[in-house]
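I have placed the structure first, in the form of structure tokens, so that the comments after it can refer back to it.
The values are calculated or read from the model by the stated rules, or taken from the named source; none is laboratory data. This structure is a prediction, so every number in the text was calculated from the model and none was measured. Because the Cβ atoms are built from the backbone with ideal geometry, glycine has one as well, and the counts that use them run over all protein chains shown.
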């Protein structure tokens, strides 16, 4: 697509390790901004820094993670600079007219391509959707001076992290995900999903129906109103495959589904499907995995 320029915005005196991490991910240049209020004044210093970086570099596209903060940052920047905004992008490419963004729509039934008709294309990229990785390069660091815009901002008074003791990977961005649906039957039986996830070294997800039934907390929900994932492997256990669920996982590299209903929509997008009882199939799979591991 062109030269990759990374912008790191951090509190004063804290940004250099992040800049080194950006170079390790292939950023040819790293702009480091450490404005007062970063991390304290909600997203205003970050938006100021992004606007300053764009003014200095004149980018064809600005890519931001499709996270809660990333979506708001992208929207603020696009509004301030009168740029085009594309959200939940699963691919970024170049055609004869410039940079284009690809979206997965209608539960993965179609891909839609969008391009900016004016200004810079600002895109929020679904985490895990783009698997190509650039080679690490030596750090080329440039300090970016940011003039405060003076815009009002909510002030973060304190942060209290919610610490979960778990050896499992985090759902968002995980390479492997095992999800369960209402077909598991109860919160107690949902432990089968966790057992398979542990055998695979995978994160645990769930359908909205399983969350609504109280089997697992809402943070495990995969889908349009939950977390969008794009792992290398997605295993769906007892999930029928409502369009809202498919919208959040259908870009996975390989999809395996187990369901007693042969007509379940999840089989329409599965690479491998097993029509059967998860309580009969999954224990055998776990046993085979453990045997292969020795």
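Among the listed residues 194, 142, which satisfies the condition of being at pLDDT 90 or above, part of a helix (DSSP H, G or I) and touching a strand residue (DSSP E or B) at 6+ places or on another chain (Cβ under 7 Å)?
Details: 142 fails: part of a helix (DSSP H, G or I).
Result: 194 is the single residue among 194, 142 that is at pLDDT 90 or above, part of a helix (DSSP H, G or I) and touching a strand residue (DSSP E or B) at 6+ places or on another chain (Cβ under 7 Å).
Of all residues in region 154-178 being crowded, with 21+ Cβ neighbours inside 10 Å and in contact with a helix residue (DSSP H, G or I) (Cβ under 7 Å, 6 or more places away or on another chain), which is nearest to residue 222 (Cα to Cα)?
Once the filter is applied, the top-ranked residue is 171.
Looking only at region 264-294, which residues are more than 18 Å from residue 249 (Cα to Cα) and in a loop (DSSP other than H, G, I, E, B)?
Passing the criteria: 276, 277, 294.
For region 231-250, which residues satisfy the criterion of being surrounded by fewer than 21 Cβ atoms within 10 Å (Cβ to Cβ) and not in a loop (DSSP other than H, G, I, E, B)?
The answer is 233, 243, 244.
Per-residue answers, yes or no, for (1) closer than 23 Å to residue 17 by Cα; (2) buried (at least 16 other Cβ atoms within 10 Å of the Cβ):
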{"position": "47", "(1), (2)": "yes, yes"}
{"position": "76", "(1), (2)": "no, yes"}
{"position": "82", "(1), (2)": "no, no"}
{"position": "87", "(1), (2)": "no, yes"}
{"position": "92", "(1), (2)": "no, yes"}
{"position": "111", "(1), (2)": "no, no"}
{"position": "118", "(1), (2)": "no, no"}
{"position": "124", "(1), (2)": "no, yes"}
{"position": "129", "(1), (2)": "no, yes"}
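Of everything in region 194-230, what is over 22 Å from residue 125 (Cα atoms), buried (at least 21 other Cβ atoms within 10 Å of the Cβ) and in contact (Cβ under 8 Å) with a residue 60 or more places away in the chain? Give them in sequence order.
If the condition is that a residue be over 22 Å from residue 125 (Cα atoms), buried (at least 21 other Cβ atoms within 10 Å of the Cβ) and in contact (Cβ under 8 Å) with a residue 60 or more places away in the chain, then 196 is the only one that fits.
Restricting attention to region 20-45, and to residues there that are over 21 Å from the mean Cα position of the chain (by Cα) and part of a helix (DSSP H, G or I), which single residue is surrounded by the most Cβ atoms within 10 Å (Cβ to Cβ)?
Only one residue tops the list, namely 45.
Taking only region 75-86 into account, find how many residues are touching a strand residue (DSSP E or B) at 6+ places or on another chain (Cβ under 9 Å) and closer than 13 Å to residue 116 by Cβ.
To start, the set of residues in region 75-86 that are touching a strand residue (DSSP E or B) at 6+ places or on another chain (Cβ under 9 Å) comprises 75, 77-79, 81, 83-86.
Filter once more, keeping what is closer than 13 Å to residue 116 by Cβ: 78, 81, 83-86.
The total comes to 6.
Please indicate, with yes or no, whether at least one residue in region 97-108 is assigned to a loop (DSSP other than H, G, I, E, B), within 24 Å of residue 242 (Cβ to Cβ) and in contact (Cβ under 8 Å) with a residue 40 or more places away in the chain.
No, region 97-108 contains no residue that is assigned to a loop (DSSP other than H, G, I, E, B), within 24 Å of residue 242 (Cβ to Cβ) and in contact (Cβ under 8 Å) with a residue 40 or more places away in the chain.
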